[in-house]
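Asker: Below is one structure. I have some questions about it.
The values are calculated or read from the model by the stated rules, or taken from the named source; none is laboratory data. Predicted model, so just to flag it, every value in this text is computed and none were measured. When we count neighbours, we look across all protein chains shown, and the Cβ atoms used for this are built from the backbone with ideal geometry, even at glycine. SASA here: full protein model, heavy atoms, side chains in, ligands and nucleic acids out. Shrake-Rupley method; radii C 1.70, N 1.55, O 1.52, S 1.80 Å.
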Amino acid sequence: MSEHRVDVVVIGMGPGGEDVAGNLAEAGLSVVGIDSHLVGGECPYYGCIPSKMMIRAADLLEEGRRINEMAGSATVEPDFGVVADRIRDEATDDWDDQVAVDRFVGKGGNFVRGRGSFDGPGRVLVNDEIYVASKGIVLATGTSPSMPNIPGLKESNPWTNRDIVKVREVPKSMIVLGGGAIGIELAQAFSRFGTEVTIIEPAERILGVEEPQSSELLTKVFGDEGIEIRCGVGATSVSRNRNGFTVALADDTSVTAEHLLVAAGRTPNLGKIGLKTVGLDDAARPVFTVDDQMRIEGVDNVWAIGDITGKGGFTHMAMYESGIAFDSITGASSPRLFEGHAVSRVTFTDPEIGSVGMTEAQARSAGLRVSIGLADSSTSSRGWIHGEGNAGFIKLVADADRGVLVGATSAGPRGGDVLAMFNLAVHARIPIAQLRSMIYAYPTFYRGALDALADLD
Ligand SMILES: Cc1cc2nc3c(=O)[nH]c(=O)nc-3n(C[C@H](O)[C@H](O)[C@H](O)COP(=O)(O)OP(=O)(O)OC[C@H]3O[C@@H](n4cnc5c(N)ncnc54)[C@H](O)[C@@H]3O)c2cc1C
């Protein structure tokens, strides 16, 4: 077994790992980037990009249908093959990462395809080679789709996000197990392409991590579009025959469909990577905590970034954390430090649900004196002009004592983009008085902020 001396080893080349490895290599460090599958990770091949291509196409179909209400007449004929081609050719290069590998190598990095694991402090084993890292190791191994322990589920071989992105024709019917962001985005996209969709969510509402108003809004819109939602009831068993899947539910009913998509959370890829060899207890959950420079506490010179940190399972979080780890590894004179008070996220349903910072419930349980501002976007000037598809709202969560926003939700057409101003307001702790004094262009969706600000107690 040969040994190679390098500055930094990066295990996992998803959005976080690829970014930090490339930047460190460009900065002149000797960097080895290791990935067992595809450089780029979940986002471009199985996650954000293919799903957003499906959603863009599905939203076009829906806009086409709205022509009948507002602009004449149109008949839309969905063809998922067009989307499938786009995902294969433009998004994933037929699930080939050569371009990404070349990009990293072009920055001066050394790429190794294989499964990396710790082999003691400062040492990484991959393909029977040892890399000894003088400056440190970055762990960025991401997550995989969780498979809940429901009798018959795994054996029935359902789809996860990794399968559904390769589909070329939509099924006639589909059960979606899980009403979180991933499940509901795909549920609506497939429904708009003609699939009869049933969502099963054991919690009381879909999108349970966000504001209840977001769940109510989507429940109404999905209902109007013919998507069935079964909340508050879990699956007890799954079976499959040649006609499809049957999911038995805890209330003694069952749902049958041609296909089953499991979107029931994510599991960190931290198994069998030699955590014990660096003194981390791999049986403990969470396995580790990181400090504000993304260094794993309790071990020297190991950084963790991306989904595995549990600080927000989003590509933008992986890349944000990559920047922090970069500064820490390179010893930047004023390093960026992790700040978690303004984490933004968007659920790309139609209406989009953009959120930042705390929900009302989180702010209350943090003991803040909370003030809420809520405005219906459909009755704002722009919402009213927009007409069909205008459902939405802006909800602001303020810390009344400090006079700043600590959280916000903007739901509606382009809700994720309208979020930008709230993202800034929460991040920079802009006084509410200053937000009220700003000039808001008429008639934009973001102008609805004025109504929500006026509604704050
Ligand atoms: C359907 C779907 C839609 C999504 N949409 C969005 C969205 O719209 N916006 C958004 O911000 N986020 C979205 N996400 C989440 C986003 O994809 C993740 O947050 C992001 O990919 C996390 O990046 P990461 O670097 O932590 O790891 P990952 O992207 O998970 O990459 C980890 C990499 O590590 C490799 N690896 C794992 N273990 C090892 C090992 N031992 N040795 C070598 N390599 C290893 C894997 O092969 C993989 O390439 C979506 C996810 C899904 C599933």
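Asker: Which helices pass in the chain if a helix is a full DSSP H run, must span at least 15 angstrom along its long axis by Cα, and must have mean Kyte-Doolittle hydropathy not below 1.0? Kindly include the intermediate steps, with their values, before the conclusion.
Answerer: Working: long enough: 15-26 (16 Å, -0.43); 48-70 (31 Å, -0.21); 181-192 (17 Å, 0.69); 212-224 (18 Å, -0.32); 315-330 (22 Å, 0.27); 415-428 (20 Å, 1.08).
Correct list, ordered by number: 415-428.
Asker: Next question. Heavy atoms only, probe 1.4 angstrom, no DNA, RNA or ligands counted: give me K311, K272, K395 ranked by accessible area, highest first. Mind showing how you got there, number by number?
Answerer: Numbers: K311 70, K272 175, K395 0 Å².
Correct descending sequence by accessible area is K272, K311, K395.
Asker: Something else now. Rg(Cα) of the stretch 258-316 divided by 2.2 N^0.38 Å? Kindly include the intermediate steps, with their values, before the conclusion.
Answerer: On the way: Rg = 14.0 Å, N = 59, 2.2 N^0.38 = 10.4 Å.
For the stretch 258-316, the normalised Cα radius of gyration is 1.35.
Asker: Hey, another quick one. Would you list which aspartates and glutamates come within 14 Å of K311, measuring only between C-alpha atoms, while excluding same-chain residues fewer than 8 positions from it?
Answerer: Here the aspartates and glutamates satisfying the reach criterion relative to K311 are D291, D292, E321, E339.
Asker: With every protein chain left in place, what is the accessible area per residue of the stretch 148-211 in square angstrom, probe 1.4 Å? Please report the intermediate quantities before stating the final value.
Answerer: Details: 2610 Å² over 64 residues.
Dividing the accessible area of the stretch 148-211 by its residue count gives 41 Å².
Asker: I would also like to ask the following. Round to a whole number: what % of the accessible area of the chain belongs to carbon and sulfur, probe 1.4 Å? Spell out each step's value before the answer.
Answerer: Numbers: 10130 of 20500 Å².
In the chain, the share of accessible area belonging to carbon and sulfur is 49 percent.
Asker: Return the calculated 222 nm mean residue ellipticity for the chain, to the nearest 500 deg cm²/dmol, obtained by summing -39500 (n - 2.57) across DSSP H runs with n ≥ 4 and dividing by the residue count.
Answerer: Values: 14 runs with 140 residues, N = 457.
Mean residue ellipticity, 222 nm, calculated: -9000 deg cm²/dmol.
Asker: Stokes-Einstein D for the stretch 165-293 at 10 °C, 1.306 mPa s, Kirkwood Rh over Cα pairs, in µm²/s? Working shown, then result.
Answerer: Working: Rh = 16.6 Å.
It diffuses with D of about 96 µm²/s by this estimate.
Asker: Given that compact globular proteins tend to follow 2.2 N^0.38 Å, what is the ratio of the alpha-carbon Rg of the stretch 66-206 to that value? Working shown, then result.
Answerer: Details: Rg = 21.5 Å, N = 141, 2.2 N^0.38 = 14.4 Å.
Taking the Cα Rg and dividing by 2.2 N^0.38 Å, one obtains 1.49.
Asker: Rounded to the nearest angstrom and ordered from largest down, what semi-axes does the equivalent ellipsoid of the stretch 326-374 get from its C-alpha gyration tensor (root of 5λ)? Show your work: numbers first, answer last.
Answerer: Numbers: eigenvalues 186, 69, 11 Å².
So the equivalent ellipsoid measures 30, 19, 7 Å along its semi-axes.
Asker: Solvent-accessible area per residue for the stretch 249-393 at a 1.4 Å probe radius, Å²? Intermediate values should be presented prior to the final figure.
Answerer: Numbers: 6730 Å² over 145 residues.
Here the residues of the stretch 249-393 average 46 Å² of exposed surface.
Asker: Sorting check: for 275-284, 142-151, 17-26, which peptide has the highest mean count of neighbouring beta carbons within 10 Å, and how do the rest follow?
Answerer: Details: 275-284: 14.8, 142-151: 16.7, 17-26: 25.3.
Top to bottom by mean Cβ count within 10 Å: 17-26, 142-151, 275-284.
Asker: Taking the inverse of the average 1/r across all pairs of different Cα atoms in the chain, what Kirkwood radius in Å do you get? Before the final figure, lay out each step's value.
Answerer: On the way: mean 1/r = 0.0421 Å⁻¹.
Roughly 23.8 Å, rounded to one decimal.
Asker: Next question. May I ask you to order 298-309, 52-63 by the average number of other C-beta atoms within 10 Å around their residues, highest value first? Present the calculation step by step, with values, prior to reporting the outcome.
Answerer: On the way: 298-309: 24.3, 52-63: 18.2.
So the peptides 298-309, 52-63, ranked by packing, come out 298-309, 52-63.
Asker: Given C-alpha coordinates of the stretch 315-457, what is the ratio Rg to Rh with the Kirkwood estimate of Rh? Don't skip to the end; give the middle numbers.
Answerer: On the way: Rg = 16.3 Å, Rh = 15.9 Å.
Value, to two decimals: 1.03.
Asker: Now, a different point. Could you give the accessible area per residue of the stretch 28-82, probe 1.4 Å, as a whole number in Å²?
Answerer: On the way: 2530 Å² over 55 residues.
Ligands and nucleic acids excluded, the result is 46 Å² per residue.
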